[in-house]
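Notes to accompany the following structure.
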Amino acid sequence: MAIQTRTQRKHSPKVSLKEMYPLNEAVEWVKKNTITKFDASVDLAIRLGVDPKKADQMVRGTVSLPHGTGKQCRILVLCTADKEQEAKQAGADYVGLDEYIDKIAQGWTDVDVIITMPTIMAKLGKLGKILGPRGLMPNPKEGTVTMDVAKMVKEVKGGKVSFKVDKYGIVHSSVGRVSFPLEKIVENAMELIKVIVKLKPASSKGIYVNSISLSSTMSKGVFIDRNVALGL
């Protein structure tokens with residue numbers, strides 16, 4: 001049995017980690033029991049009844065969180081010269097093309113989101129093994145492959161995040177920071193849940209949303225009452 005530190009014992013769970021709680025109670029518990037000295041991320045994990053190995057059950061998309069994630073998102077825009085100025089004015093942190101493609105090929109991935117144009121995608125094929133595992137490969141379904149790069153930059157800076165079900169059938173996404181007021185975290189979480197529910201694949205049978213849990217960086221998770229969250 002693992003030995004708990006004094007800090008861990010002090011912040012031991014005051015709720016059962018096997019029971020389900022209303023979203024607002026779960027958020028309140030996570031805020032109170034986060035022991036990090038930094039402003040931890042509050043994360044939602046939604047286990048779906050899908051088989052990610054099947055292409056028609058791959059759940060992915062984007063959601064514009066009403067209050068953002070509280071994280072400074074570093075954006076790289078790979079575009080042609082005529083789009084560079086508008087991308088910079090929209091707030092992109094890095095803008096260019098071949099020089100950044102070469103930099104990525106050498107291992108540089110110090111960004112959170114990469115936005116590009118349809119005509120540029122062919123050049124990114126060789127970077128798939130680098131960008132893919134890190135979730136950085138631009139994708140039309142997530143809006144990161146677009147001719148209107150400036151609009152997408154503004155949306156991402158404004159709180160738009162992408163999500164994708166992992167190989168275990170779980171969608172992970174940040175819904176704010178511990179410093180956020182409880183109401184803002186709840187509203188962000190409900191917006192994410194609402195969008196994911198709308199993306200249910202037609203081929204998915206049985207229960208679609210199996211479970212929902214909330215946690216913060218380095219804290220234990222609390223299960224949320226899915227029936228209440230889904231309005232069932």
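Given the options ILE115, ILE207, ILE193, which has the most mean-square fluctuation in a GNM of the chain, springs set between C-alpha atoms less than 10 angstrom apart?
Largest GNM mean-square fluctuation: ILE207.
Any idea how far apart LYS129 and SER64 come out in nm if each label point goes 7 Å out from Cα toward Cβ?
So the two model labels end up 3.9 nm from each other.
Quick one: putting +1 on the C-beta of Lys and Arg, -1 on the C-beta of Asp and Glu, what dipole do you get for the chain around its Cα centre, in Debye to the nearest 20?
Around 840 debye, computed over the chain.
Just for the chain, what percent of DSSP beta bridges are antiparallel, to the closest 5?
Of all bridge pairs located within the chain, approximately 70 percent are antiparallel.
Would you kindly derive the ³J(HN,Hα) couplings of the stretch 190-198 from the backbone phi angles with the Karplus curve 6.51 cos²θ - 1.76 cosθ + 1.60 (θ = phi - 60°), listing them in order in whole Hz, with x for Gly and Pro?
These are the phi-based 3J(HN,Hα) values: 5, 5, 5, 4, 4, 5, 5, 4, 5 Hz.
Using only alpha carbon pairs under 8 Å that are at least six residues apart, calculate the relative contact order of the stretch 75-158 and give it in whole percent.
36
In whole angstrom, how far apart do the alpha carbon centroids of the stretch 90-136 and the stretch 163-194 sit?
Rounded to whole Å, the Cα centres lie 26 Å apart.
If packing is taken as the average number of other Cβ atoms within 10 Å across a peptide's residues, how do 120-131, 78-89 rank, most packed first?
78-89, 120-131
Could you name the aspartates and glutamates in cross-link range of LYS103, using Cα to Cα under 20 Å and dropping any fewer than eight places away on the same chain?
Once the sequence-local aspartates and glutamates are set aside, what remains near LYS103 is GLU84, ASP93, ASP112.
Mind scanning LYS54/LYS141; LYS129/LYS220; LYS126/LYS157 and naming the pairs with a C-alpha gap bigger than 21 Å?
LYS129/LYS220; LYS126/LYS157
Which residue, ASP166, ASP102, ASP148, has the most motion in a Gaussian network model of the chain that connects Cα atoms within less than 10 Å?
Evaluated over the chain, the most mobile residue of the options is ASP102.
If you compute Cα extents along the principal axes in Å for the structure shown, which of (1) 56, 44, 35; (2) 52, 44, 30; (3) 77, 35, 31 do you land on?
(1)
Laboratory data are not the source of any read-out in this text; all were calculated from the coordinates shown. Keep in mind the model is a prediction, meaning the values are calculated, not measured. Quick reminder, even Gly has a Cβ in these numbers, built from the backbone with ideal geometry, and neighbours come from all protein chains shown.
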